[in-house]
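Chemist: Quick one: the structure is below, and I'll ask about it shortly.
The values are calculated or read from the model by the stated rules, or taken from the named source; none is laboratory data. Values in this document were obtained by computation on a predicted structure and should not be read as measured data. Virtual Cβ from ideal backbone geometry, glycine too; neighbours counted across all protein chains shown.
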Amino acid sequence: MTLATTPRVFAEQRFFKPFYFLLLFTMGLTGFGQMPIFKRYYIADIPGLGWLADFYATHYIHYIGAVVLFGFFVYAVVVYFGLMRRQFRLTWAAYVRIALLALISITGIFRVLKNLPDVVFSPMFTMVIDISHLAFMMFFMAFGIIFMISKKGWLDKKLGF
Amino acid sequence: MPKELSRRSFLKGSLVAACATCASQVPLPASAKAKDGQELATLIDIRKCVGCEACVEACREVNDFKYPEPEKPFPKMYPNRVKVADWSDEEGREVRDRLTPYNWLTIQSATVEVDGEETELSFPRRCMHCQNPPCADLCPWGAARKLENGITVIHSDICLGGKKCQVVCPWDIPQRQTGVGLYLDILPSLAGNGVMYKCDRCYNRIAEGEMPACIEECPEDVQIIGPRDEIVAEAHRLAEEEGAYIYGETENGGTNTLYVSPVPFETLNKAISKGPGQPHFDKVEDQMAHADNLAKAMLIAPFAGLAAAVGRVYKVSKKLDDKTGEVL
């Protein structure tokens with residue numbers, strides 16, 4: 001076994017998964033909280049979940065989540081290419097996840113732009129952005145469940161490791 | 001004993017009659033048109049209003065074709081905590097003392113002391129047309145939106161009536177009518193509950209170069225309309241030269257409806273009836289300030305992630321040796 005093929009364990013392999021799961025769960029929950037459903041369907045009546053009916057609170061948390069997510073994406077990309085690529089390759093399931101996360105992020109960026117005071121989009125474009133942001137998230141959740149059941153992770157070890 | 005005819009009630013009666021017969025369409029003067037990239041604002045001078053409701057009647061007349069005509073019976077709602085909001089019967093349609101889906105402009109009144117004399121003030125209330133409207137920003141469906149000329153509209157053919165716009169509106173302006181709109185074609189019992197309605201400042205008339213009906217028909221010229229910087233300048237002139245107080249310049253980060261009053265708005269706010277469909281005159285912080293600040297943070301976040309990652313890669317690369325199995 002040479003130095004180049006010495007298997008290494010990176011701290012990211014341990015904290016990425018729970019951090020990523022928690023972050024996306026929060027984003028999904030607060031994202032759905034943008035629709036007036038949690039109060040209507042008594043979910044906000046569950047002790048401790050009253051904040052889900054506060055549109056400003058869920059919006060604030062969703063934006064904070066987006067800030068963390070954008071930082072995390074760049075961190076993950078650089079760490080993958082800088083440290084892990086020699087040892088691992090991305091699975092096809094990872095490419096599907098990346099594509100959907102990119103689409104969710106792009107539509108989310110447009111939604112944030114639309115919310116700035118001096119930015120005005122056409123009604124059709126606004127609606128397309130809103131609905132596609134939600135639709136991509138639904139696809140992401142559906143594929144996430146399929147990949148979880150079929151145990152398709154993000155990384156495969158390269159031959160020799 | 002015959003009732004004494006006050007100046008106010010005389011003016012109210014005669015002006016309503018006069019305005020009802022006036023059907024002319026006054027064009028929007030060039031000075032009132034939006035300049036490039038400028039939002040249009042209105043200035044409501046409370047000192048001039050006599051409460052004749054000519055603006056209310058004009059609004060109802062010109063916007064009549066936009067009012068809801070709901071289908072009955074209404075779909076049964078599940079769960080039943082979602083209440084029907086119905087203003088469509090004869091009595092509901094005639095309500096004028098509050099905002100409803102059929103009454104987008106209401107007259108509020110307050111008895112206050114002006115220059116040591118007890119005075120009854122009246123003033124029109126409607127959507128403030130915020131510069132950064134939470135209703136439009138937070139509408140999950142894109143039904144509420146702000147136009148380039150600063151008017152916030154709700155598209156009745158898109159709105160699902162979830163009432164989020166009313167909940168996030170600092171003045172609770174939009175009002176719901178059940179039994180109408182897109183939700184009837186989707187999941188009428190499970191999602192949505194009608195359409196939200198509010199003042200659209202006659203955006204269709206403005207687009208055709210006409211004045212909003214409430215401004216056009218006002219016999220006392222209570223309202224003026226123009227580019228926002230000119231309206232703000234005029235409000236400041238009135239404040240400095242005549243001791244008036246301003247509302248709307250900074251409320252919720254700035255609105256395109258400004259009021260000037262002879263008494264502080266705290267005083268006015270205490271003297272008016274407040275409640276559903278009756279907006280307050282409280283101070284309002286910028287409700288969307290957090291979103292604007294966090295949007296800037298979103299620009300910085302990738303650079304923070306990049307810096308952290310480069311530092312991490314550099315640190316680990318230095319440690320790289322044959323320490324197999326050790327967590328790096």
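Chemist: Would you confirm whether or not the range B:284-304 contains a residue that is among the aromatic types (Phe, Trp, Tyr) and away from chain A (no Cβ under 14 Å)?
Modeler: Taking every residue of the range B:284-304 in turn, none turns out to be among the aromatic types (Phe, Trp, Tyr) and away from chain A (no Cβ under 14 Å).
Chemist: For the range B:111-119, indicate whether the set of residues that are more than 13 Å from chain A (Cβ to nearest Cβ) and in a loop (DSSP other than H, G, I, E, B) is non-empty.
Modeler: Within the range B:111-119, one or more residues are more than 13 Å from chain A (Cβ to nearest Cβ) and in a loop (DSSP other than H, G, I, E, B).
Chemist: Using beta carbons and a limit of 7 Å, which pairs, at least six apart or on different chains, have the first residue in the range A:107-129 and in contact (Cβ under 8 Å) with a residue 40 or more places away in the chain and more than 7 Å from chain B (Cβ to nearest Cβ) and the second one part of a helix (DSSP H, G or I) and crowded, with 19+ Cβ neighbours inside 10 Å?
Modeler: A:Gly108/A:Ala66; A:Gly108/A:His133
Chemist: Further, regarding this structure: Could you pull out every one of the strands (runs of 3 or more DSSP E) wholly within the range B:137-240 that has 1 or more residues that are under 27 Å from B:Lys274 (Cβ atoms) and hydrophobic (A, V, I, L, M, F, W, C)?
Modeler: Output list reads B:144-146, B:152-154, B:195-197, B:223-227.
Chemist: Within the range B:120-136, how many residues are within 14 Å of chain A (Cβ to nearest Cβ), surrounded by 24 or more Cβ atoms within 10 Å (Cβ to Cβ) and part of a loop (DSSP other than H, G, I, E, B)?
Modeler: 2
Chemist: Something else about it: Please determine, by comparing only the residues of the range A:93-106 that are free of Cβ contacts under 8 Å to residues at least 24 places away in the same chain and over 24 Å from B:Asn132 (Cβ atoms), which one is nearest to the other protein chains (Cβ to nearest Cβ).
Modeler: Ranking the candidates gives A:Ala102 first.
Chemist: So which residues in the range A:56-73 are touching a Phe, Trp or Tyr at 6+ places or on another chain (Cβ under 8 Å), surrounded by fewer than 19 Cβ atoms within 10 Å (Cβ to Cβ) and at the interface with chain B (Cβ under 7 Å from one of its Cβ atoms)?
Modeler: None - no residue of the range A:56-73 is touching a Phe, Trp or Tyr at 6+ places or on another chain (Cβ under 8 Å), surrounded by fewer than 19 Cβ atoms within 10 Å (Cβ to Cβ) and at the interface with chain B (Cβ under 7 Å from one of its Cβ atoms), so the list stays empty.
Chemist: Does A:Ser132 qualify as being in contact with a helix residue (DSSP H, G or I) (Cβ under 9 Å, 6 or more places away or on another chain) and either farther than 26 Å from A:Val78 by Cβ or surrounded by fewer than 14 Cβ atoms within 10 Å (Cβ to Cβ) (or both)?
Modeler: In short, yes.
Chemist: A further question on this structure: Among all residue pairs at least 6 apart or on different chains, which show Cβ distances below 8 Å where the first residue, located in the range B:116-137, is on the phi > 0 side of the Ramachandran plot and the second is part of a helix (DSSP H, G or I)?
Modeler: none
Chemist: Of (1) away from every other protein chain (no Cβ under 13 Å); (2) at pLDDT below 95, B:Arg93 satisfies all except one. Which?
Modeler: Failed condition: (2).
Chemist: Regarding the range B:182-196, can at least one residue be identified that is within 14 Å of another protein chain (Cβ to nearest Cβ), under 18 Å from the mean Cα position of the chain (by Cα) and hydroxyl-bearing (Ser, Thr, Tyr)?
Modeler: Checked against the condition, which is being within 14 Å of another protein chain (Cβ to nearest Cβ), under 18 Å from the mean Cα position of the chain (by Cα) and hydroxyl-bearing (Ser, Thr, Tyr), the range B:182-196 yields no hits at all.
Chemist: I'd like the residue in the range B:161-172 that is at pLDDT below 95 and closer than 14 Å to B:Pro101 by Cα and, out of all such residues, is farthest from the other protein chains (Cβ to nearest Cβ).
Modeler: In this case the residue turns out to be B:Gly161.
Chemist: Okay, moving on. For the range A:11-28, enumerate the residues that are closer than 16 Å to A:Ile104 by Cα and either touching a His at 6+ places or on another chain (Cβ under 9 Å) or within 14 Å of chain B (Cβ to nearest Cβ) (or both).
Modeler: Selection gives A:Tyr20, A:Leu23, A:Thr26, A:Met27.
Chemist: If you take the residues in the range B:144-198 that are without any contact (Cβ under 8 Å) to a residue 24 or more places away in the chain and under 17 Å from A:Thr126 (Cβ atoms), which one is surrounded by the fewest Cβ atoms within 10 Å (Cβ to Cβ)?
Modeler: Here the residue is B:His155.
Chemist: How about the range B:101-123: which of its residues are hydroxyl-bearing (Ser, Thr, Tyr) and more than 28 Å from B:Asn193 (Cβ to Cβ)?
Modeler: B:Ser109, B:Thr111, B:Thr119, B:Ser122
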